[in-house]
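Right, one structure below, let's go through it.
What follows draws every value from the coordinates through simple rules; no lab data is involved. Keep in mind it's a predicted model, so treat the numbers as computed, not measured. Don't worry about glycine lacking a Cβ; one is built from the backbone with ideal geometry, like all the others, and counts go over all protein chains shown.
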Amino acid sequence: MTPQDHALRERIKELKCIYELSRVGASAPDLPTVLRKTLKILPSSMQFPRRAVARIRAGDKDYGSSDFNRTDIRISSPIIVGRKKYGSVSVGYLKQNGKATPTFLAEERKLLLVVARELSFIIQRYQAEEEKQRLKLQLQHVERLAFVGELTAGIAHELNEPLGRILGFAQLIRKGGPLNPQQEADMERILKASLYTREIIKKLMIFSRQMPPQISAVNLNETVSNILYFMDAPYFSGNIRITKKLDPDLPVISADAVQISQVLVNLLTNAIHAMPDGGDVVISTGCRNGYVTLTVKDNGVGMPQEVKEKIFEPFFTTKPVGQGTGLGLSVVEGIVSAHGGRINVTSAPGKGSRFEVLIPLRLRGRKSKTP
């Protein structure tokens, strides 16, 4: 074979490699499939395809066989995505007993640059598509929340009026004269059920943003101590132990005191329900990076990842029917978001859960004392 024929054959292999790579990029269902198919295409375009092996590093993942570690000589080109190095594509020749390791041609080095550039285009296209899908899902979620918010606001307003009448008439009956023990017990049940329903309506109104926040200076340490003092004793039955770890120099924040109390009550209730056989709850406060933190940590049953991803969705609950509204954590998220904060959640089955609420610090200069 003449040198011209050899050069032509190599050029055909290079063009075929680029053509096949473009086809893979247009038809593969996902990026890992593109990269795995590229690993099969690339060695065939080298001078000695039987001795050539390839490896692709993309992000924090490596694609390629363990044979690549046995290569004697290698060439590599960076994959640049968004002006940053995203990874690299490499080709090497395996050692072979009794035979010299071949060197790479200048044309092969140029081909690898072209392949790296083509992969960068493909990666950017897949990233753009993933971002489009993420934004689409986010938009659907926002639209669903808006619909649920309007629905819950309407339900709350419709229930408020008859509930107010029930409470009013129940109180009038009590004031009208003495009742026998059975009537008194029934009236007490009516009042308790009505007050419980009113709390649910209040949660619905907070969730639907029908109750605007009343901003004032809030001391989180005082909020924690007050909530623990006023919560009913049944919450702490079943060997539930509450520990406070409050920062004595915690600054005050600008917030709605009632809504922040609601956040703590919901998180604490959630923690207690996660420990049906008893356990420990640690409530702590702190300050870092311009945020005041409120953390509720339990050693209960914990949550798998698929549950953790849904806990802030309205009306989602893992409790049996009749034992939960599924509004507690969605109300928490709504309140925290309205205050410009965020929530970090750590949980695993059998290892408990940790909810960290971060509220931005707005009022400075005042210090709180541990109650």
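So if each residue of separation counts as 0.36 nm, and I subtract the Cα-Cα distance between Gln183 and Asp280, what length gain in nm does that give?
Net length gain for the segment: 30.9 nm.
Along the Cα→Cβ direction, 7 angstrom out, place labels at Arg165 and Ser44. What is the inter-label distance in nm?
8.0 nm
Please state the shape class of the range 24-71: rounded when a/c is under 1.5, otherwise prolate if a/b exceeds b/c and oblate if not, all from the C-alpha gyration tensor.
oblate
Going through the cross-link list Lys132/Lys308; Lys244/Lys297; Lys13/Lys40; Lys297/Lys351; Lys61/Lys95; Lys245/Lys310, which pairs have a Cα-Cα distance over 21 Å in this structure?
Violating the 21 Å limit, Cα to Cα: Lys132/Lys308; Lys61/Lys95; Lys245/Lys310.
Compute the separation of the alpha-carbon centres of the range 80-102 and the range 249-280 and state it in Å as a whole number.
Spelled out, the Cα-based centre of one part sits 55 Å from the other.
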